[in-house]
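Before anything else, here's the structure in question.
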Amino acid sequence: MESGPLTELLVERFEAMPPQLRVAARFVLDHPKDVALVSMREQAQKAGVSHTTMMRLARWLGLDGYEDMRSLYARAMREESVRGPTQQVGGLGEAGYSIAGVVADSLAAQIASLGEYTSAMQIIAAANVLQGSRRLFCLGSRAAYPVASHFAHLMSVLADGDRPVSIVSEMAGQGLDALRRAGRGDMVLAISMAPYERATIEMARQAARQGVSVVAITDSSVAPLARIAQETIIVTSNSQSFFCSMAPAFAAVELLVALMAARSEPDAAERVRQSEEQLAAFGIYWKPAR
């Protein structure tokens, strides 16, 4: 990619930029492929500026955030690959290799952004709420169901019977009945991305009416779950492809569990070890023939 989709705008506004933004802008002008393929933190390191400078540059150009800039450059790179000559590799050719790289790097950047200050503080606040739960309900439907199930599995190992953990989902044959006796001291982790599932919103809303604390993982601060939840973790769900990606949501629940495990008593690692030993004793794991 010889130049990026924002090259003309960067050149036009370059002289009016503060010195640090000029450094960031020069990097974007000189390394358009890196904008599409490399995380924002790595770009900032290569450019010799802070990651907040890269974010300020995006806003200077009229974008909501640096992820919008990455998306523009990733799309331009993908379109360039599709237009150019292809060397066949299986059925997709070099274009398929490029698309795979762009999608993978985009997902990596989205997951890495969970470590940025705003996102990290959202996750910490959510962990603080969930840490005090008497019973924990995990709520998710359709694409969000595997994320809720993953969180429930990890938490069941961490809690080890001290805190009942349940999945609540129409997919599991459980709806509002599962939350019928829930109340104060109980908590719901609800997960939903656009287009938002009606059942998930209704169950979260009913839980809140009953005094249950709701923590949400969703894709916007104005999403229906965000208006219900006590604490909300905002994740990006665009994947540079046709589907809504749940990879950042999976990463968010693993970060949640990691934070809660760091505060657990007894030691979380010891609980995991004991759980693995019990499962092995039950013959859950495959063993090679001797």
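Read-outs: derived from the displayed coordinates by stated rules, not from any lab. On a predicted model such as this, the values are computed, not experimentally measured, just so you know. Ideal geometry is used to build each Cβ from the backbone, glycine not excepted, and the neighbour counts take in all protein chains shown.
What's the ranking of 113-126, 196-209 by average number of surrounding C-beta atoms within 10 Å, highest first?
196-209, 113-126
Ok, one more. Based on the Cβ-Cβ distance of Arg184 and Glu42, what FRET efficiency does E = 1/(1 + (r/R0)^6) give at R0 = 51 Å, to the nearest 0.05? Working shown, then result.
Values: r = 45 Å, r/R0 = 0.89.
After rounding, the FRET efficiency stands at 0.65.
Here's a follow-up. Given a Förster distance of 25 Å, report the FRET efficiency between Ala104 and Ile124 from their Cβ-Cβ distance, rounded to the nearest 0.05. Present the calculation step by step, with values, prior to reporting the outcome.
Numbers: r = 28 Å, r/R0 = 1.11.
Efficiency, from the Cβ-Cβ distance: 0.35.
Still on this structure: To the nearest 0.05, what FRET efficiency results for Arg205 and Arg142 with a Förster distance of 25 Å applied to their C-beta separation?
Values: r = 18 Å, r/R0 = 0.72.
So, using R0 = 25 Å, E works out to roughly 0.90.
Once phi is turned into ³J(HN,Hα) by the Karplus curve 6.51 cos²θ - 1.76 cosθ + 1.60 with θ = phi - 60°, what whole-Hz value does each residue of region 41-49 show in order, with x for glycine and proline?
Couplings: 5, 5, 4, 4, 5, 5, 6, x, 10 Hz.
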